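Each remark here refers to the structure printed beneath this line.
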Amino acid sequence: MEPDSTPDGLGQVLVEERARLLRFLAARGAGDEAEDVLHDLWQRLIATPSQPIADPVAYLFRAAENVMRDRRRSSVSRARRQQDWHDASAVEHEEAVGERVLIARQRLREAESVLAAQGPRVSTVFRRYRLDGVGQAAIARELGVSLSSIEKDLQKAYRALAQLRESFDAE
């Protein structure tokens, strides 16, 4: 209740019946929220114009139960809305992940195509050096070419992939 307001009419009955109303609400499942329900009831009482009521105690108990139901409905509705929002955003996220995977696969095919267009040796040198982690000197020995040729093949592959990346960035 608000400290500066003096209860009258229904407010006075609410103050007098506070303990019974709290037990009533607790018995109906309000639990720790019983105080909050009473506060909401108090707010509703002071916001509405007072009218004569035949049985104010019964009226307050019915009103308290209605406030509790309203709060429970709001809570269920809020939880459902949050779950729906979570489910919707999860689907969007999954679609975004799937879309990124498709784009990545397409770009990988394009990169493989660009490397293949540079010739089989350039492609082999690039794969052995960048993907397999084999040193340039070892690749030169495997292929029977000079270290300088391996370096030139790598430069050729890097230039082609850099141009491909620029085209990706332009998209």
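Relative to the longest principal axis of the Cα atoms of the chain, the long axis of helix 147-170 lies at roughly 40 degrees.
From the C-alpha coordinates alone, can you work out the Kirkwood hydrodynamic radius of the stretch 8-53, in Å?
One decimal place: 11.1 Å for the Kirkwood radius.
Against the main long axis of the alpha-carbon atoms of the chain, helix 18-27 sits at an angle near 50°. In the full protein context, the chain carries 70 Å² of accessible surface per residue, based on a 1.4 Å probe and ignoring ligands, DNA and RNA. The slack in the chain from L131 to W85, taken as 0.36 nm per residue of separation less the alpha-carbon distance, amounts to 12.4 nm. In the chain, a dipole from Cβ-located charges (positive for Lys and Arg, negative for Asp and Glu) runs towards its positive end, and of I103, V134, L25 it is V134 whose Cα lies farthest in that direction. Heavy-atom surface analysis with a 1.4 Å probe gives the stretch 65-171 a carbon and sulfur content of 51 percent of its accessible area. Short-range pairs are left out: with C-alpha atoms under 8 Å and at least six residues apart, the relative contact order of the stretch 7-135 is 20 percent. With the helix formula -39500 (n - 2.57) applied to DSSP H stretches of n ≥ 4, the chain reaches a computed 222 nm mean residue ellipticity of -26500 deg cm²/dmol. Computed from point charges on the beta carbon alone (+1 for Lys and Arg, -1 for Asp and Glu), the dipole magnitude for the chain about its Cα centre is near 1120 Debye.
Using a/c under 1.5 as the rounded threshold, could you call the stretch 1-84 rounded, prolate or oblate? The axes a ≥ b ≥ c are square roots of the C-alpha gyration tensor eigenvalues, and prolate needs a/b larger than b/c, oblate otherwise. Note, shape of the stretch 1-84 comes out prolate.
Solvent-free Debye calculation, one equal scatterer per alpha-carbon of the stretch 51-171: log10 I(q)/I(0) at 0.09, 0.13 Å⁻¹ equals -0.53, -0.73.
The values are calculated or read from the model by the stated rules, or taken from the named source; none is laboratory data. No experiment lies behind these values; they were computed from the predicted model shown. Glycine gets a Cβ as well: all are built from the backbone with ideal geometry, and neighbour counts include every protein chain shown. These area figures cover heavy atoms from the full protein model, side chains too; ligands, DNA and RNA do not enter into them. Shrake-Rupley method; radii C 1.70, N 1.55, O 1.52, S 1.80 Å.
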